[in-house]
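Novice: To start, I am sharing the structure in question, which I have written as structure tokens.
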Amino acid sequence: MINVLLVDDHAVVRMGLTMLLNSHDDLEVVGEASEGNEGIQKALELNPDVIVMDLSMPHGKDGLSATSELKKLLPKVTILILTMHDDEEYLFRAIQAGASGCILKSAPHHELVTAIRSVAAGDAYLHPSATKRLMEEYMGTIQKGGVDTYSLLSDREKEVLALIAKGFSNKEIAEQLIISVKTVENHKGHVMEKLQMKKRPELVAYALKKGLLGYGI
């Protein structure tokens, strides 16, 4: 049984999702919340397997902020972002915040069920249009002359790249790798120089392609 917590500011949406998910033998909605702060509280109380988190909630804490905070409080929690925004920038931000997947509100019901089962099993889930956009982003900004730029990175630089792509701050990376923040900044600079990148979303797209977040595209 996969226990699900729903976080969405629309009561009608929550009711519809509850009816849909509870109609499946392996899914059960164990709680609901109308905004991020309430979602965090319910998650701490219920410890669900999967949190389906609305991205845009105008009242209270938004989905990205709640996701980022939950990953610090409950590192093993699995979060699936539910959004109406078919935009790669939102996808980058969701992944950086710690989400395991992202699905559009306009997706068919069976796709939502598939996405929940996928992230609950430890896999990642991206809606098809997001996968296509990420591949286009990668092809447009990373592939240059067929050179495998990843081989240019040292083992430590590869570790730093993976942690950056997962949304960790320089301080958090330093703590995990037991090095100084200054050293992390130096490694980050070397990574961006070797990969010829200037922006964090480019690093995320590259890390996705290389499977550094646990899956590839």
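The values are calculated or read from the model by the stated rules, or taken from the named source; none is laboratory data. These figures come from a predicted structure and were not determined experimentally. Reconstructed Cβ throughout: ideal geometry from the backbone, glycine too, with neighbour counts over all protein chains shown. Heads up: the accessible areas ignore ligands, DNA and RNA and are worked out on the full protein's heavy atoms, side chains in. Shrake-Rupley method; radii C 1.70, N 1.55, O 1.52, S 1.80 Å.
Novice: Find the all-direction average of the projected area of the Cα convex hull for the range 1-109, expressing the result in square nanometres with one decimal place.
Specialist: Dividing the Cα hull surface by four gives the mean projection, 6.1 nm².
Novice: Per residue Cα convex hull volume for the range 154-205, in cubic angstrom? Kindly include the intermediate steps, with their values, before the conclusion.
Specialist: Numbers: hull volume 3.4 nm³, N = 52.
Residue-normalised Cα hull volume stands at 66 Å³.
Novice: What distance in nm separates the two pseudo spin-label positions at A11 and S56, each 7 Å out from Cα along the beta-carbon direction?
Specialist: Distance between the two pseudo-spin positions: 2.2 nm.
Novice: Note the full-extension length gain between Q176 and R117 as 0.36 nm times their separation in residues minus their Cα-Cα distance, in nm to one decimal. Please report the intermediate quantities before stating the final value.
Specialist: Details: separation 59, 0.36 × 59 = 21.24 nm, distance 2.97 nm.
Gain in length upon complete extension: 18.3 nm.
Novice: Can you order the peptides 196-202, 67-73 by their average number of other Cβ atoms within 10 Å per residue, highest first?
Specialist: Values: 196-202: 14.9, 67-73: 18.4.
My ranking of the peptides, most packed first, is 67-73, 196-202.
Novice: Pairs of alpha-carbon atoms within less than 8 angstrom and 6+ residues apart define the contacts here; what relative contact order does the range 149-217 have, in percent?
Specialist: On the way: 55 pairs, mean separation 24.9, N = 69.
About 36 percent, as a whole number.
Novice: As I understand it, the dipole of the chain uses +1 on the Cβ of Lys and Arg and -1 on the Cβ of Asp and Glu, about the Cα centre. Which of I178, L74, A205 lies farthest toward its positive end?
Specialist: Of the listed residues, the answer is I178.
Novice: In addition: Towards the positive end of the charge dipole of the chain, with charges on Cβ (+1 Lys, Arg; -1 Asp, Glu), say which of I116, L27, S154 has the farthest Cα.
Specialist: S154
Novice: What order do M15, M57 take when sorted by accessible area (1.4 Å probe), most exposed first?
Specialist: Working: M15 110, M57 10 Å².
Result, largest first: M15, M57.
Novice: Could you work out the relative contact order of the chain, using alpha carbon pairs under 8 angstrom and six or more residues apart, expressed as a whole percent? List each step's numbers first, then the result.
Specialist: On the way: 330 pairs, mean separation 32.6, N = 217.
Relative contact order comes out at 15 percent.
Novice: In nm, what is the difference between 0.36 nm times the number of residues separating R200 and S106 and their Cα-Cα distance?
Specialist: Details: separation 94, 0.36 × 94 = 33.84 nm, distance 2.81 nm.
Length gained between R200 and S106: 31.0 nm.
Novice: Right, next: Take each of the peptides 178-184, 26-32, average the number of other beta-carbon atoms within 10 Å over its residues, and list them starting from the highest.
Specialist: On the way: 178-184: 13.7, 26-32: 16.9.
Per-residue mean Cβ counts within 10 Å order the peptides as 26-32, 178-184.
Novice: Further question on the same structure: Scan around V29 for amide H atoms under 5 Å from its own, H built in the peptide plane at 1.01 Å from N, and keep only partners 5 or more places away or cross-chain.
Specialist: V4, N22
Novice: Charges only on Cβ, +1 for Lys and Arg, -1 for Asp and Glu: so what's the dipole of the chain about the Cα centre, in debye to the nearest 20? Each step should come with its number before you reach the end.
Specialist: Values: 24 positive and 30 negative charges, 177 e Å.
For this selection, approximately 840 debye.
Novice: Then there's this: Ignoring everything but the protein chains, give the 1.4 Å probe accessible area of D25 in square angstrom, nearest 10.
Specialist: Accessible area, nearest 10 Å²: 140 Å².
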